[in-house]
Amino acid sequence: MPNENLFAALRAAFPNDLDAIAVDTADGLAYSWRDLERATAMIANLLVALKLPEGARVAVQVEKSVEAMLLYLATLRAGYVFLPLNTAYQKAEIEYFIGNAEPALVVCTQKNFGWVSKIAFQAGTRHVFTLNEDRTGSLLDRAAHRSDQHVPAVKQADDLAAILYTSGTTGRSKGAMLTHGNLLSNAQVLKDCWGWQEGDVLLHALPIFHVHGLFVAIHGALLNGSKMLWLDRFDPKTAIGKLPQATVFMGVPTLYVRMLAEPALDQDAARNIRVFISGSAPLLIETFNAWKERTGHTILERYGMSETIMLTSNPYRAEDGERRGGTVGFPLPGVGLRVVGDDGQELDAGEIGAIQVRGPNVFKGYWRMPEKTKEEFTGDGWFKTGDVGKVDARGYATIVGRSKDLIISGGYNVYPAEIEGYINEMPGVAESAVVGVPHPDFGEVGVAVVTAKTGEKLDGERIVAALKSQLANFKIPKRCFVVDELPRNTMGKVQKNLLRDAHKGLFG
Ligand code: MCA
Ligand code: AMP
């Protein structure tokens, strides 16, 4: 039986010349394909030596670095399940993820070792290693003693490769279980759809703890044997400076907005780019147009989810149609996408309804939540995305809104219910509502509206300050208003649309 381990497919795509450069970093380090091969073997051998149980989760909260990517690849190679965690997450968030996923190994930065290891050991994790941005830490120290030969673990397409925590359509974070087959099939489809070709170079500017930077970008480059120009963090000036050496760029809309604010962005800077790709959040038509005007390039917008990886894409090749701003294009080959009404019946072209999808890219379910998983699928096996949209007569899909109460801020997801939960716990607070309002940089940001218990006095700024010590920074509402009461409909439900309307001009 063939080995369906995703790593084996990525490894098979390495170029013949293993001494060629695979990754160039902004601070002048170069990693050859042989370096990738050897380092992933050594880390994989370390994981094997730990005798982690079958299907063990490897939870990783470290800053972006090439070594962090190598740890991901080594985890696949050794056959374990990778669980990436945003570096902005704080104690309570990490406590939940580790408690829920029960990883056998946790890797964190030295700076956070004290509190992360305490949480991990309390949750029964056996090993906690460190990995720092400057390539120090116990993970690499220990891997350095391991052999650089390793045969990839044999995996079936249906075996778990990664768990990504996401809030789905409601409630608490759930671990979306993605298999080797989900990830590989999607990467292969994108390789063809986006015309990956010899000589391509990817400018990698996104974080690597979510689908976009970790899977879409890295798998894209590796499966094509393409070099990556690696930025540990996004800075618009540095990114523009590197553009002439790249042919492919992927970003969330905020990255495009920030580059547009730089006078150095022009046709010359973008002269070698083959395709600019945007996703994770809606790309405003103004940004799409401004980009075209300034660089001569039409951004290709696509749409995806943690549970499904990529779902739709605007066409890459002109013969397949034009790239239409404001749309997310056509379903990818093999992906089924339908729009249904309240009664579950499929709607006609142009009609707005709930988006449902199916295909080899759709995840296996939520980690240890069979009931929740069942709820999110229809009886005939379609996954309910929680997005609201339409498909026009030519087949272009457009996302017009979300039925899930979600704010997408700078490409990160913020669940109002989670923030409201924290605010409601604060002394003197009667109730709260968090809504998303337009923001010129982040696309959308959260704003909190709070009422006080009788006789109590509240201060919005203090509420924001208190949240900062508890939650990841991108989740913090940018403003907090104290009001006498929240608007409600006749059913008693808070009318968030009225709050959104009232505050939509806050950020100009
Ligand atoms: C930072 N801040 C934010 C955000 N990021 N506020 C709201 N939303 C954000 N996304 C705030 C911090 O709280 C802080 O506020 C201040 O900005 C500076 O923080 P810093 O970390 O220095 O910010 P930055 O480095 O400028 O980061 C902005 C960023 C980053 C580069 C746009 O957010 C980013 O990399 N976003 C990409 C996210 C991504 O990769 N998403 C893909 C998900 P204060 O000073 O008040 O503390 S995958 C996905 O969605 C699906 C599957 C798909 O389709 O791809
Ligand atoms: P996540 O939970 O991080 O997987 O985010 C997935 C959600 O991001 C989707 O359900 C959409 O709401 C949103 N999304 C991703 N790409 C786009 C896009 N191009 N346009 C609009 N929304 C998008």
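The values are calculated or read from the model by the stated rules, or taken from the named source; none is laboratory data. From a predicted model like this one, the values you see are computed outputs, not experimental measurements. Please note: Cβ atoms are built from the backbone with ideal geometry, for glycine as well, and neighbour counts cover all protein chains shown.
Checking the conditions here, which among GLN110, GLN90, GLN149 is in contact (Cβ under 8 Å) with a residue 12 or more places away in the chain and closer than 25 Å to ASN5 by Cα?
Going through GLN110, GLN90, GLN149 in turn, the sole match is GLN149.
Please pick out the residue among GLY326, GLY296 that is surrounded by fewer than 18 Cβ atoms within 10 Å (Cβ to Cβ), more than 15 Å from ligand 2 (Cβ to nearest atom) and over 20 Å from the mean Cα position of the chain (by Cα).
Every option except GLY296 fails the conditions.
Only one of these conditions is not met by LEU183: (1) within 23 Å of PRO370 (Cα to Cα); (2) not in a helix (DSSP H, G or I). Which number is it?
It fails just one condition, (2).
Within the range 224-257, how many residues turn out to be part of a helix (DSSP H, G or I) and within 19 Å of the chain's Cα centre (by Cα)?
Matching residues across the range 224-257 total 5.
Would you check which residues across the range 239-272 are under 27 Å from ASP19 (Cβ atoms) and away from ligand 2 (no atom under 16 Å from the Cβ) and list them?
Scanning the range 239-272 gives GLY241, LYS242, LEU243, PRO244, GLN245, ALA246, THR247, VAL248, ASN272.
Looking at VAL48, VAL62, which one is under 24 Å from the mean Cα position of the chain (by Cα) and surrounded by 15 or more Cβ atoms within 10 Å (Cβ to Cβ)?
VAL62
Quick check: is even one residue across the range 285-298 at negative phi, within 16 Å of ligand 1 (Cβ to nearest atom) and not in a helix (DSSP H, G or I)?
No.
A quick yes/no check of all residues on (1) assigned to a strand (DSSP E or B); (2) buried (at least 20 other Cβ atoms within 10 Å of the Cβ):
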site	(1), (2)
GLN156	no, no
LEU164	yes, yes
ALA176	yes, yes
PHE215	no, yes
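Just to confirm my filter: which strands (runs of 3 or more DSSP E) fall fully inside the range 383-433 and include at least 1 residues that are within 14 Å of ligand 1 (Cβ to nearest atom) and among the polar types (S, T, N, Q)?
Passing ranges, in order: 383-391, 407-409, 412-414.
Which condition number does MET310 fail, the rest of (1) surrounded by 13 or more Cβ atoms within 10 Å (Cβ to Cβ); (2) modelled with pLDDT of 95 or more; (3) in a loop (DSSP other than H, G, I, E, B) being met?
Evaluating MET310 over (1) surrounded by 13 or more Cβ atoms within 10 Å (Cβ to Cβ); (2) modelled with pLDDT of 95 or more; (3) in a loop (DSSP other than H, G, I, E, B) leaves (3) as the failure.
I'd like the full set of residues that are assigned to a loop (DSSP other than H, G, I, E, B) and either small (Gly, Ala, Ser) or surrounded by 16 or more Cβ atoms within 10 Å (Cβ to Cβ) (or both), limited to the range 116-131.
Within the range 116-131, ALA123, GLY124, THR125, LEU131 qualify.
Looking at (1) within 16 Å of ligand 1 (Cβ to nearest atom); (2) out of contact with any Asp or Glu (no Cβ under 7 Å at 6 or more places or on another chain); (3) among the polar types (S, T, N, Q), which is the only condition GLN267 fails?
Condition not satisfied by GLN267: (1).
Among the residues of the range 273-284, what is the count of those that are within 13 Å of ligand 2 (Cβ to nearest atom) and in a loop (DSSP other than H, G, I, E, B)?
Of the residues in the range 273-284, 6 are within 13 Å of ligand 2 (Cβ to nearest atom) and in a loop (DSSP other than H, G, I, E, B).
Go through (1) surrounded by 19 or more Cβ atoms within 10 Å (Cβ to Cβ); (2) in contact with a Phe, Trp or Tyr (Cβ under 9 Å, 6 or more places away or on another chain) one by one and return the number of the condition GLY436 breaks.
For GLY436, the failing item is (2).
Looking only at residues that are under 18 Å from VAL445 (Cα atoms) and among the β-branched types (Val, Ile, Thr) in the range 380-416, which one is nearest to ligand 2 (Cβ to nearest atom)?
ILE408
Only one of these is closer than 23 Å to VAL257 by Cβ and either at pLDDT below 95 or not polar (S, T, N, Q) (or both): ARG368, ARG323. Name it.
Among ARG368, ARG323, only ARG323 is closer than 23 Å to VAL257 by Cβ and either at pLDDT below 95 or not polar (S, T, N, Q) (or both).
Within the range 434-474, how many residues turn out to be touching a Gly at 6+ places or on another chain (Cβ under 8 Å), assigned to a loop (DSSP other than H, G, I, E, B) and more than 11 Å from ligand 1 (Cβ to nearest atom)?
Qualifying residue count for the region: 5.
Residues that are closer than 25 Å to THR373 by Cβ, modelled with pLDDT under 95 and surrounded by 17 or more Cβ atoms within 10 Å (Cβ to Cβ): does the range 391-403 have at least one?
The answer is yes; a qualifying residue exists.
Quick one: which helices (runs of 4 or more DSSP H) lie wholly within the range 12-115 and hold at least 2 residues that are under 23 Å from GLN188 (Cα atoms)?
Per the criteria, 33-49, 66-78.
Please tell me if THR254 is of a type in the set (Ser, Thr, Tyr) and over 22 Å from LEU406 (Cβ atoms).
So THR254 does not fit the description; no.
Taking the conditions exactly as written (closer than 12 Å to ILE419 by Cβ and among the small types (Gly, Ala, Ser)), does GLY446 satisfy them or not?
Yes, satisfied.
Name the single residue, out of those in the range 187-213 being within 11 Å of ligand 1 (Cβ to nearest atom) and assigned to a helix (DSSP H, G or I), that is surrounded by the fewest Cβ atoms within 10 Å (Cβ to Cβ).
Among those residues, the one meeting the criterion is GLY213.
Scan the range 393-415 and report the pairs whose first residue is more than 19 Å from VAL252 (Cβ to Cβ) and whose second residue is surrounded by fewer than 16 Cβ atoms within 10 Å (Cβ to Cβ) and of a type outside the set (Val, Ile, Thr), with Cβ atoms within less than 6 Å and a gap of 6+ or a chain change.
Matching pairs, first to second residue: ALA393/ALA349.
Among the residues of the range 286-297, is there at least one that is more than 24 Å from SER32 (Cβ to Cβ) and aromatic (Phe, Trp, Tyr)?
yes
Quick one: in the range 475-496, of everything that is farther than 11 Å from ALA433 by Cβ and polar (S, T, N, Q), which residue is farthest from ligand 1 (Cβ to nearest atom)?
Ranking the qualifying residues of the range 475-496, first place goes to THR490.
May I ask you to say which residue of GLU444, GLU418, GLU425 is more than 22 Å from the chain's Cα centre (by Cα) and on the phi < 0 side of the Ramachandran plot?
Of the residues listed, the single one that is more than 22 Å from the chain's Cα centre (by Cα) and on the phi < 0 side of the Ramachandran plot is GLU425.
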